[in-house]
Structure formats: C-alpha cells, structure tokens
Amino acid sequence: MLLRGRILAKVNNFLRFPLEFHAIYQAVSKSYFPHFSTSHYSAVKHYPMSGNVSSKQAEKCVDFGRKHAVDVVISKVLEAKSETEVFQSLVHEFGCNTIQITHSSVARLLHRFQDDWKSALGVFRWVESCSGYIPLPELYDKLMDILGKMKQMDKMKALLEEMREDHIISLNTIAKVMRRLAGAGDWKDAVKMFDQLERFGLGKNTESMNVLLDTLCKEKKVEQAREIFLELKSHIPPNANTIHSFTMR
C-alpha cells in the first residue's frame, strides 16, 4: 500500500491536473480506478485526462503479454507528440484495470522507444501508475539509459532520485548514469556520483571504483582516471580489472 502510494505521488508530480478537468476525472475514475481507496483519491485526481469514457471501454481486456496487444499500444503512442500526451492517450484508451501488464511487454515497449525518450517516459509513467503492477528495477535502469542517451540529464537525475527513495538502485544503475554523464562531457558529475554512493545505499569498493575508472578511460579521460586511482588505492584495493581499465587504452 505504501509503495502504491509513492507511485501515485510520482505520477502526481509528473503531470499537474488543471481544475477544469476535475469533472472529467470523476467519469474516468469510475471506469479505470475502481480499486483505489479513498485515501489515494487526492493523488489520483490530479492525473490529466481528456475525453469521455465509452461503455465499451470498460469491457476491453487487452492481454498485454501478447505481441499484437503491444503493437496496438505502440500505434497509440505514435499518435502523441509529448510524454504527457502519451500518458493521457494510454490512460484514456486502455486504463489500467482492463489490461494485463507484464514485465516482458514493458521491456519490449522500452526497446521499441529506445530512441524516443518522450514515448518511453510516457509509457513508463502509464504502467507505473497502474495498481497491481510494479516495474522491475531493471526496467527503471532501461528508462534511465534511454534518458541519458538522449541527453535528458535532468530527467535522468530526477528518475534516479525516485529510485533512491524506493531503494531500488544497484551498481548497474549507477554505472549507466556515470557512463551517460561522461559520454555527454560531464565527467566531473560522473565522479560526483561515485562520491555519493553511500547516499544511494552503495559502497565505495573495488567494484564501484572499477566502474568509475573504466567509464573515464572509455571517454578518453585516462589522466583523470589515473589521478583518481592514485587517490583511492590507499584505501580501496585494486584488482586485475582495475589494471585492465588502463592497459586497454
């Protein structure tokens, strides 16, 4: 219940709901959110939704695990022009309680929109808002990588903060963030990520040091990597992978 509340709060922060849409929400919520308790109403009512819900819509049951169902969602997403429109369109068309969302189908959608961060983010916020479904940490990592690849650093960092609050950050998450930051020329921010590892529930050890050094070396920041290594080696023991990061450049 607590996690679902956090998810609803995220969507509330993601999209603000103008007052003129409150009446529309009341119609939509009867079809799409019958299982939400009144304690969650204040968060849900801020979803921006548009259009009227037809009686046939409540009868829809899309098996999201089937390939053609994913194709239907993709076609709907392609009609939208922003992450907000993607979210609105999917909520209006499919709702949440009338579909079966699976991890594999979400992974396929993120793969399909790996070069389209707006669609990927809109889709992810939609599935994230659905009660009964919690994305795997690996799916968060995939979205993180998409945002970083498309140079959406502020959104990437905001997603990282959400993951920190939910305690689902792994070293793989940090590795993706470091590499995207360094790849965008922000290698100093990549180093700051290493400095803040404890804040994300991770430790400064040989493995995390190697991730940082390898990231810097791959981005042609070998001298900076050497300086950091000399500073860290007194309290973090290197291993064969540490040496490999330098010898292969």
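Bear in mind these aren't lab numbers, they're just calculated from the coordinates by the rules spelled out. Since the model is a prediction, treat every value here as computed from it, not as a measurement. Please note: Cβ atoms are built from the backbone with ideal geometry, for glycine as well, and neighbour counts cover all protein chains shown.
Of note:
- Stretch gain in nm, segment residue 241-residue 153, where the contour uses 0.36 nm per residue and the Cα spacing is subtracted: 28.8 nm
- Using R0 = 25 Å, the C-beta based FRET efficiency linking residue 107 and residue 79 works out to 0.65.
- Cβ-based net charge around residue 195, under 12 Å, with every Lys or Arg adding one and every Asp or Glu removing one: +1
- Hz values of 3J(HN,Hα) by residue in region 104-115 - Karplus curve (6.51, -1.76, 1.60), Gly and Pro given as x: 5, 5, 5, 4, 5, 5, 5, 5, 4, 10, 5, 10
- Neighbour net charge for residue 238 - beta-carbon separation under 15 angstrom, K R +1, D E -1: -1
- Taking 20 Å as the straight-line reach from the Cα of residue 155, the aspartates and glutamates in range (excluding those fewer than 8 positions away in the same chain) are 83, 85, 115, 116, 128, 138, 141, 145, 165, 166, 186, 189.
- FRET efficiency for residue 222 and residue 167, using Cβ-Cβ distance with R0 set to 51 Å, rounded to 0.05: 0.90
- For region 204-215, Karplus couplings with θ = phi - 60° (6.51, -1.76, 1.60), whole Hz, Gly/Pro x: 8, 9, 4, 5, 5, 4, 5, 4, 5, 4, 5, 4
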